[in-house]
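The values are calculated or read from the model by the stated rules, or taken from the named source; none is laboratory data. Worth saying up front: this structure is predicted, and the values here are computed from it rather than measured. Reconstructed Cβ throughout: ideal geometry from the backbone, glycine too, with neighbour counts over all protein chains shown.
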Amino acid sequence: MIDSFLEAVSNSAIGIYIAEDPMAFPWIEVVHVLSLVTVFGSILLVDLRLMGLASRDYPVNALTRTILPITWVAFIIAAMTGGLLFSSNPYGYWGNTAFKAKMVLLLLAGLNMAIFHLVTQRGGQMDRPGSLPAGARVAGFVSVTIWLAIIACGRWIGFTMSPF
Amino acid sequence: MELTGREWSLARWHQRFRSGTIAALWVLLATGLVMTLAEPERELLNWIFRAKMVMVIVTLIIAHFLSRRLEQAKPDRPAGGDVRAAAFLVLLCWIGIATAGRWIAYAG
């Protein structure tokens, strides 16, 4: 099943275009990097607040309301451009350990975020300045650790395979 | 640009990020120097690298004046048009710097 998926992506018009056009891959990668930087920078703001290391007088609910829309827009752009980059060499990416690690870490980041929003944040005590419950501090630490690893894996893909 | 984070004043945001931004700039400078020393010809002979360095200098000058303007800002006053324009310009410059940084690997 995975082979037919990879073959279909590899033979798609967009995949062939990105693999063959000398400008397409670099420009898509630029947008991917810029959007990923925005995702990490905006999440870091929230994570540092959750851990109680910065912005302690900014209530978490207000901070997430103002920051997370930016994070989501940037994440959607990063996912779309990431998919386009993948389409240029699906077999190469699928066989790359750093790529697989990055995908697993993205899933873990999503799981951590879901637990925080659905359990910890709904548990209350988020609309006040100062220290937060242990669950929130752990969620912030796990999030920043996973996102640093995602960036490291993303950079490592570039060192361990040619783009197309 | 006053597009987000209105619970805090501009002065408060400036105070919050000033030291972190300066620390990150020093890390960028140190790691950039190491990478340039490792492959000086690849970097110094690349016109995109040179353009990036010019953009970095211009951006830091604009950001410095923006920072001084924010230090003098009254906490309860909204940003003036000049501050929003300078912030937009600095954002555009950093996007240009990041774009040039990525393109060094492909062209020059």
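Among what's in segment A:41-61 and is more than 11 Å from every other protein chain (Cβ to nearest Cβ) and buried (at least 18 other Cβ atoms within 10 Å of the Cβ), pick the residue that is modelled with the lowest pLDDT.
This residue is A:VAL60.
Give the number of residues within segment A:114-135 that are of a type outside the set (Lys, Arg) and in a helix (DSSP H, G or I).
Looking only at segment A:114-135, we keep the residues that are of a type outside the set (Lys, Arg), and these are A:114-121, A:123-127, A:129-135.
Keeping just the survivors that are in a helix (DSSP H, G or I) gives A:114-121, A:123, A:134-135.
The total comes to 11.
Considering segment A:62-79 alone, what residues qualify as being of a type outside the set (Gly, Ala, Ser) and at the interface with chain B (Cβ under 10 Å from one of its Cβ atoms)? Spell out how you get there, then give the answer.
Initial filter on segment A:62-79 (of a type outside the set (Gly, Ala, Ser)): A:63-73, A:75-77.
Hits for segment A:62-79 are A:LEU63, A:ARG65, A:THR66, A:ILE67, A:PRO69, A:ILE70.
Can you confirm whether segment A:58-80 contains a residue that is more than 17 Å from the chain's Cα centre (by Cα) and β-branched (Val, Ile, Thr)? Break it down into steps so the answer makes sense when it comes.
Filtering segment A:58-80 for residues more than 17 Å from the chain's Cα centre (by Cα) gives A:58-63, A:65-66.
Checking the rest, the ones that are also β-branched (Val, Ile, Thr) come to A:60, A:66.
There is at least one residue in segment A:58-80 that is more than 17 Å from the chain's Cα centre (by Cα) and β-branched (Val, Ile, Thr).
For chain B, list the helices (runs of 4 or more DSSP H) that sit wholly inside it and hold at least 1 residues that are modelled with pLDDT of 85 or more and within 14 Å of another protein chain (Cβ to nearest Cβ); which are they?
Numbers: elements: B:10-38, B:40-44, B:47-71, B:81-103.
The qualifying helices (runs of 4 or more DSSP H) are B:10-38, B:47-71, B:81-103.
All but one of (1) assigned to a helix (DSSP H, G or I); (2) within 24 Å of A:THR38 (Cβ to Cβ) hold for A:VAL138, so report the exception by its number.
All conditions pass for A:VAL138, except number (2).
Considering each of A:ALA139, A:ALA114 in turn, give the residue that is more than 14 Å from every other protein chain (Cβ to nearest Cβ) and crowded, with 20+ Cβ neighbours inside 10 Å. I'd like the intermediate steps shown before the answer.
Working: A:ALA114 fails: crowded, with 20+ Cβ neighbours inside 10 Å.
Only one candidate passes the filter, namely A:ALA139.
Taking segment A:1-47 on its own, how many of its residues are under 30 Å from A:MET113 (Cβ atoms) and in a loop (DSSP other than H, G, I, E, B)?
Selection size over segment A:1-47: 1.
Looking at A:LEU68, is it exposed (fewer than 14 other Cβ atoms within 10 Å of the Cβ), without any contact (Cβ under 8 Å) to a residue 60 or more places away in the chain and in a helix (DSSP H, G or I)?
Working: exposed (fewer than 14 other Cβ atoms within 10 Å of the Cβ): no; without any contact (Cβ under 8 Å) to a residue 60 or more places away in the chain: yes; in a helix (DSSP H, G or I): yes.
So A:LEU68 does not fit the description; no.
What residue, of A:LEU50, A:LEU111, A:LEU85, is under 25 Å from A:ALA139 (Cβ atoms), in contact with a helix residue (DSSP H, G or I) (Cβ under 8 Å, 6 or more places away or on another chain) and in a helix (DSSP H, G or I)? Before the answer, list the steps.
Values: A:LEU111 fails: in contact with a helix residue (DSSP H, G or I) (Cβ under 8 Å, 6 or more places away or on another chain); A:LEU85 fails: under 25 Å from A:ALA139 (Cβ atoms).
After ruling out the rest, the residue left standing is A:LEU50.
May I ask you to list the residues in segment B:31-66 that are of a type in the set (D, E, K, R) and touching a helix residue (DSSP H, G or I) at 6+ places or on another chain (Cβ under 7 Å)? Outline the logic, then answer.
First, the residues of segment B:31-66 that are of a type in the set (D, E, K, R): B:39, B:41-43, B:50, B:52.
Passing the criteria: B:GLU43, B:LYS52.
Which residues, counting only those in segment A:88-98, are assigned to a helix (DSSP H, G or I), of a type outside the set (Ser, Thr, Tyr) and either farther than 18 Å from A:ALA19 by Cα or touching a Ser or Thr at 6+ places or on another chain (Cβ under 8 Å) (or both)? Break it down into steps so the answer makes sense when it comes.
Taking segment A:88-98 first, the residues assigned to a helix (DSSP H, G or I) are A:88, A:90-94, A:97-98.
In the following step, the residues that additionally are of a type outside the set (Ser, Thr, Tyr) were identified as A:90, A:92, A:94, A:98.
Within segment A:88-98, A:PRO90, A:GLY92, A:ALA98 meet the criteria.
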